[in-house]
Every structure is written in C-alpha cells, then in structure tokens.
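J.: One structure is given below, represented as structure tokens, and several questions about it will come after.
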Amino acid sequence: MNAIETKGLVKKFGDFAAVAGINLEIKEGELFGLLGPNGAGKTTTISMLSTILKPSSGSASVWGKDLLHDKDSVRKSIGIVFQDPSLDDELTGRENLDFHGRMYAMEPGLIHERIAEVLKLVELESKADALVKTYSGGMKRRLEIARGLMHKPKILFLDEPTIGLDPQTRRNLWEYIRNFNKKDGITIILTTHYMEEADFLCDRIAIIDHGKIIALDTPEKLKEVLGGDIITVESTDSNALKKLLEGQVFVKETKLFDEHLNVSVDNGGKALPKLIELAQKNKITVDSAVLKRPSLEDVFIHYTGRTIREEEASDKDKARMQVKVGGFRR
Amino acid sequence: MEFNAIYIMWLREMKRFFRAKSRIIGNLSMPFIWLVIMGIGLSSSFSIPGVKFDYLAFIAPGVIGMTLLFSSIFSGISVIWEKQFGFLKEILVAPVSRTSIVLGKIFGSATISFINGVLIMIIAILIGSISIASLSVFSILLAIIFMILICLAFVSVGIAIASRLNNMEGFQMIMSFLVMPTFFLSGAFIPLQNAPLWMGTIAMFDPLLYGVDGLRGVFLGVSQFPIAIDLGVLAGFCVAMILLSSYLFRRMGE
Ligand SMILES: Nc1ncnc2c1ncn2[C@@H]1O[C@H](COP(=O)(O)OP(=O)(O)OP(=O)(O)O)[C@@H](O)[C@H]1O
Ligand SMILES: [Mg+2]
C-alpha cells in the first residue's frame, strides 16, 4: 500500500495556484522530502494532505483513506508538526501533551506513559511542568515534535522541523527523525529548504517549485543527473593511470592536472573501489583518492536555473523565530 | 459525541482562566464600578415622579447582564486569537468532530463567563443591591438558569463571529454595531418602559432584554414580561445561536 497518493492536487488562492497539480506516490515506511524555495507550495501541500485546507481540485488518499470524503479516518492516522508555532503558551509542556492525548482519545494510562516517553526523547523532562511561554524557541520546537509523536501516528508530517534551530539541536533532531522512521517504522513527509537536511535524511526527494514537482528521486539519483561524480586521484604515475582508465566502461572522462587526475564517473561510490583495485593490479600506487559529489544545491540550480536562496530564507526564519520566542500574550 | 475531547477543551479554558488572576480582577472591575458608583451615586437623584424607584436595586440585574454579555462575547471571539496564534490548527487536525470542538469551546467559555456573573451577583448581594429577602432556593436556581442561557447564547454569537473573521480588524465594528447596542437596548441601566415607542420596539428584538428582564423578575419581582416568556425567548435564541455557531465553525476555512 502507498502511504500517500495524490492525483492532480491543486490549491488556488483566488487566481493564483499555490499548488498547481501534484502527483505523488509515497510508500509506506518512506522518509520523503519536499524540497523547495520559499513560496514553492510545500506548506500548502501539507495543509491539504492533513485536512487543514480543502483542495481546489484533484484527489488524494492518505493511509488508504480518501482525503475529501473520509477526513476523520485520515486525521486518525496522521500526526503533524506545523511550520508555525501551535502550542498553548499558557499551559505547561505536560499539559499541552495531555491535551493532545485526550483529543486523540488515548487511554489516561497510555497518555501518562507516552508523555514520559516523548519528553525523554526530546530531553524536555526537566521543563515539563513549566509554562510554555517560558520555553526557548528550540524547546518549543522540540515540544511540538514530541506532541506530533504522542499518538504514534502512521504518517508524520514535519513542516520545516529544524527551522531556526542551532546546528547542534538540528543535528540531534535529525537523529530523532531518523529513528522514528527506521526504528518505529513511521512514514515521514518532511519539508525543508535546507539542502543538507534533505540530503542527509530523505529516502526520496521531490523538488518543488511554483507549485509543481520538477524532479523526484533518491538524493543520489538526483545528483547523478548532473553527470555523475568526480574522483580526484593523486598518484606517482598519473599518466599511466590515465591511460589505464580511459578504456574502462565505468569511466566517462579523465583529465590530467599538474598534481592530480580528475576522473568523471556515473557512480562514484561504485567506481572508487574498482579504480583502486585496477590500479593495484597494474602496480600503480595511488597516494590518495577523493570522491566529490555534486550537492543538491547543484541539482536545484540545474532544474530551476536559480539557487534556493538560502540567505533570504534564513532572514524569514529569523522573523519566524521572533514570533515564536516573543509569542503573543493576551 | 466525544466527551473526552469536550472535557479536555473545557478543562483547558478553566486552567487558562484561573491562571490569569489579573484578568479575573480586570473582568470584574468595570461592573463593580457601575454597581458602586452609578448604583449608589445615582439612586438618590434618579427618580421617576410618583413611583418609588430604587435605582441600585434596578441596575443589579443589568450589571449582571452586562458582565455576562461582555465576557461571553469576548471569550467566544478568542477563537480568532487561537486562529492567529496557531493553536486552533492543533485542534482542527485532531480526529474530533467539529461539533464536539464547538461544544467544548462553548462550554468552556460559557463557564468562565458564568463564574464572572456569579461573582458580580455575590458582590451585588453584599453591597445590598440585591436584597437578601428576594433570595430563595427557587429564585437562585431560576437566576442561575437565566445566567447560563445568556452565557451559552452570547458565547455562541462570539464563536459565530470568530468563524467568519481572520483577524481582530473588524473587532471595533462589532463592538460599536453589535455589542454596545445590545447592551444599551437591553434596558440594563435605563428603564425602557418610558422610552419612545420606536426604541421600545427595536429593543424587543434584543435577546439580552429578555435575560435582564427575567433576572429583574427573579430579584425584584417586577418585570416587563412574564418570566416564562423571558425564559422561552432566551432559550430559543440560545439554541439558535448554538446551531448557527456550529454551522459556521464547520464551514470555516472552506
Ligand atoms: N491563505 C493564503 N492566501 C493566499 N495566498 C497564500 C495563502 N497561503 C499561501 N499562499 C501563497 O501560496 C504560495 C505557497 O505558499 P506555501 O506556504 O505553501 O509555501 P512554502 O513552500 O511552504 O514556503 P516556505 O518555505 O516559505 O514555508 C505562496 O506564494 C503564498 O504566498
Ligand atoms: Mg512552508
């Protein structure tokens, strides 16, 4: 079964199509990424899949349930961490989690148990009984993630989960997210405009721009499109090595520089051991071999002709964090 | 009906309410000032020729009605804040029917506004604005029923408005064109029997009029309409508003 299937999903705000016909098949157990710049339509897509927004047209099924006609069943199988803050500041962390558990009709005993588990997971036990308005931005984010996991959803949506977090916390969260997916088998759909995040976490990535999917594949395959990897080899006998490699099927191109030899290949991971084995067989010493892969950033530029504009994005993140930290008090 | 969800939504409102002590005092200060300054200050000078008229006693039901009206509308409208500051999304993705969500919100908000009303009623009794002689188990019970109906009805009005608005920009309009007229035309502070016919006629469409009139019937023993009529009109309005607010809430965002 596919965890999520969409057919021609469209969301229009007036005349403007924020999501302009998206077809997706996300497999059970997958960690799937939606990567795109600000305003690409990531949040709008997730809002539709989580029943918050009604699609203008198209259809979708979530965990086998029809998104348009069986919203209640859809809601039962999903958990979501919204991009923007959605905690009750005037309750404690524990109370926010308890509220969630009861809204999801969990047994009181189970609620108690799960609160302890998820708090431990995000390392917020010591802050659990403090009012959320006294939390830092990162703590709030972690609490929101804990809350999304409370009821053990089948599918978890994470909309920019690490936005505005410091690198250390971000790394930790990546580990959590990976574990939920690999150990607990939760299907995860994650949006981000951080390249490293998508690259590090996702099994497959859809690059989305102007409301359309412009590329969809594993991070590795996406990068292969750019003409593969480059292996930089240093050897005492570069000329001989170059001659040797030129006849090989896995080698696309070789280029000799003063100090080193650049070898273009389709799949650097597979080519590197072959290259070294071949050199050894022919008694050519390889002093060093470095594999350089094209980044997703390069892929993004390839498809859109633009960079993802991380700088602009991070300004927006900062503004968001201020809302998050300052919050609004009545 | 998901009682668990309704209960936790109610409980959340209670926690927030009792945590904000300054808000409780803020809510009660205005009605208190009305009672003390207007009631005591005006009772000597405010008189209708030939009639024995005790203004302090007259405005007690009015001040209770005012307290309930304002705090109910505001607490219903707080849904707008929940929309703007995100928490509503957490509620809306939960596997709970929209009807239960509205009911939870209505009960929670109505309870808060009811507590405000009861506190003002106690203050009114303490300063002698409501005479102890008028109190009996029956009259208190009847007063409570009136108060509950007023709360449920106007909380629903607040939620209905909030379902149609996305920010507080329209708030001033609502105050000027809905809340204030409802308040003044209810006869809370001025007896409408002597008002011009046109004003009295318009006032007949003010649901709060029946609430205040009913409370006056209970505490003073005099009212414009029989208590049964007041009760019937108010209950009808209340049911209509609950239905309207759950209808509008369900259609929100579509
Ligand atoms: N309620 C709305 N009314 C009108 N336009 C909207 C609304 N919500 C989103 N949009 C527009 O739809 C487009 C997609 O927005 P969306 O929030 O889905 O982008 P995103 O990919 O999540 O971006 P970000 O990385 O900034 O979160 C944007 O141009 C946005 O301005
Ligand atoms: Mg977004």
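The values are calculated or read from the model by the stated rules, or taken from the named source; none is laboratory data. Keep in mind that what you see is a predicted model, and the values were worked out from it rather than measured. Cβ coordinates were reconstructed from backbone atoms using ideal geometry, including for glycine residues, and neighbour counts include every protein chain displayed.
J.: Here are some residues: B:SER29, B:SER97, B:SER75. Which one is within 12 Å of chain A (Cβ to nearest Cβ), surrounded by fewer than 21 Cβ atoms within 10 Å (Cβ to Cβ) and small (Gly, Ala, Ser)?
T.: Exactly one of B:SER29, B:SER97, B:SER75 is within 12 Å of chain A (Cβ to nearest Cβ), surrounded by fewer than 21 Cβ atoms within 10 Å (Cβ to Cβ) and small (Gly, Ala, Ser), namely B:SER97.
J.: Still on this structure, please answer the following. How many residues, within region A:19-38, are surrounded by fewer than 22 Cβ atoms within 10 Å (Cβ to Cβ) and farther than 15 Å from A:LEU216 by Cα?
T.: Within region A:19-38, residues that are surrounded by fewer than 22 Cβ atoms within 10 Å (Cβ to Cβ) and farther than 15 Å from A:LEU216 by Cα number 5.
J.: Also: Of all residues being surrounded by fewer than 18 Cβ atoms within 10 Å (Cβ to Cβ) and within 12 Å of another protein chain (Cβ to nearest Cβ) in region A:54-64, which is modelled with the lowest pLDDT? Just the residue, please.
T.: A:LYS54
Listed here are the residues, each with its yes/no results for (1) surrounded by fewer than 23 Cβ atoms within 10 Å (Cβ to Cβ); (2) under 23 Å from A:PHE99 (Cβ atoms); (3) in contact with a Lys or Arg (Cβ under 9 Å, 6 or more places away or on another chain).
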{"site": "A:MET139", "(1), (2), (3)": "yes, yes, yes"}
{"site": "A:ARG142", "(1), (2), (3)": "no, yes, no"}
{"site": "A:PRO153", "(1), (2), (3)": "yes, yes, yes"}
{"site": "A:PHE157", "(1), (2), (3)": "no, yes, no"}
{"site": "A:THR162", "(1), (2), (3)": "no, no, yes"}
{"site": "A:THR169", "(1), (2), (3)": "yes, no, yes"}
{"site": "A:TRP174", "(1), (2), (3)": "yes, no, no"}
{"site": "A:ARG178", "(1), (2), (3)": "yes, no, no"}
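J.: Moving on. Assuming A:THR304 fulfils every condition listed in (1) modelled with pLDDT under 80; (2) surrounded by fewer than 17 Cβ atoms within 10 Å (Cβ to Cβ); (3) more than 14 Å from every other protein chain (Cβ to nearest Cβ) apart from one, which condition is it?
T.: Condition (2) is where A:THR304 drops out.
J.: With the condition being hydroxyl-bearing (Ser, Thr, Tyr) and under 18 Å from B:LEU234 (Cβ atoms), I'd like the helices (runs of 4 or more DSSP H) fully within region B:68-173 carrying at least 1 qualifying residues.
T.: Output list reads B:98-126, B:137-164.
J.: Every residue in region B:192-213 that is in a loop (DSSP other than H, G, I, E, B) and surrounded by 16 or more Cβ atoms within 10 Å (Cβ to Cβ), please.
T.: B:ASP206
J.: Kindly evaluate A:LEU158 against the criterion of being more than 14 Å from chain B (Cβ to nearest Cβ) and within 16 Å of ligand 1 (Cβ to nearest atom).
T.: no
J.: Then there is this: Can you pull out every residue in region B:123-141 that is among the β-branched types (Val, Ile, Thr) and surrounded by 11 or more Cβ atoms within 10 Å (Cβ to Cβ)?
T.: B:ILE123, B:ILE125, B:ILE127, B:ILE130, B:ILE140
J.: Those residues that are more than 8 Å from chain A (Cβ to nearest Cβ) and more than 17 Å from B:GLY76 (Cα to Cα), I need them from region B:1-16; list them, please.
T.: Result: B:MET1, B:PHE3.
J.: Would you please name the residue that is nearest to A:PHE157 (Cα to Cα), looking only at residues in region A:12-26 that are free of Cβ contacts under 8 Å to residues at least 60 places away in the same chain and in a strand (DSSP E or B)?
T.: Looking at the filtered set, the residue picked out is A:GLU25.
J.: Read through the list (1) more than 13 Å from chain B (Cβ to nearest Cβ); (2) more than 16 Å from ligand 2 (Cβ to nearest atom); (3) touching a residue at least 60 places away in the same chain (Cβ under 8 Å), then give the number of the only condition that A:LYS133 fails.
T.: (1)
J.: Please go through region A:181-201 and give me each residue that is away from ligand 1 (no atom under 16 Å from the Cβ) and surrounded by 23 or more Cβ atoms within 10 Å (Cβ to Cβ), ordered by number.
T.: Of everything in region A:181-201, those that are away from ligand 1 (no atom under 16 Å from the Cβ) and surrounded by 23 or more Cβ atoms within 10 Å (Cβ to Cβ) turn out to be A:THR187, A:ILE188, A:LEU201.
J.: Going by the structure shown, is A:LYS71 more than 16 Å from ligand 1 (Cβ to nearest atom), modelled with pLDDT under 95 and either out of contact with any Lys or Arg (no Cβ under 8 Å at 6 or more places or on another chain) or small (Gly, Ala, Ser) (or both)?
T.: Considered against the rule, which asks whether it is more than 16 Å from ligand 1 (Cβ to nearest atom), modelled with pLDDT under 95 and either out of contact with any Lys or Arg (no Cβ under 8 Å at 6 or more places or on another chain) or small (Gly, Ala, Ser) (or both), A:LYS71 comes out as yes.
J.: A follow-up question, please. If I ask for residues that are among the aliphatic types (A, V, I, L, M) and within 16 Å of ligand 2 (Cβ to nearest atom), which ones from region A:21-78 would you list?
T.: A:ILE22, A:LEU34, A:LEU35, A:ALA40, A:ILE46, A:MET48, A:LEU49, A:ILE52, A:LEU53 - these are the residues of region A:21-78 that are among the aliphatic types (A, V, I, L, M) and within 16 Å of ligand 2 (Cβ to nearest atom).
J.: Please determine, by comparing only the residues of region A:35-53 that are within 11 Å of chain B (Cβ to nearest Cβ) and outside any helix (DSSP H, G or I), which one is nearest to ligand 1 (Cβ to nearest atom).
T.: Only one residue tops the list, namely A:LEU53.
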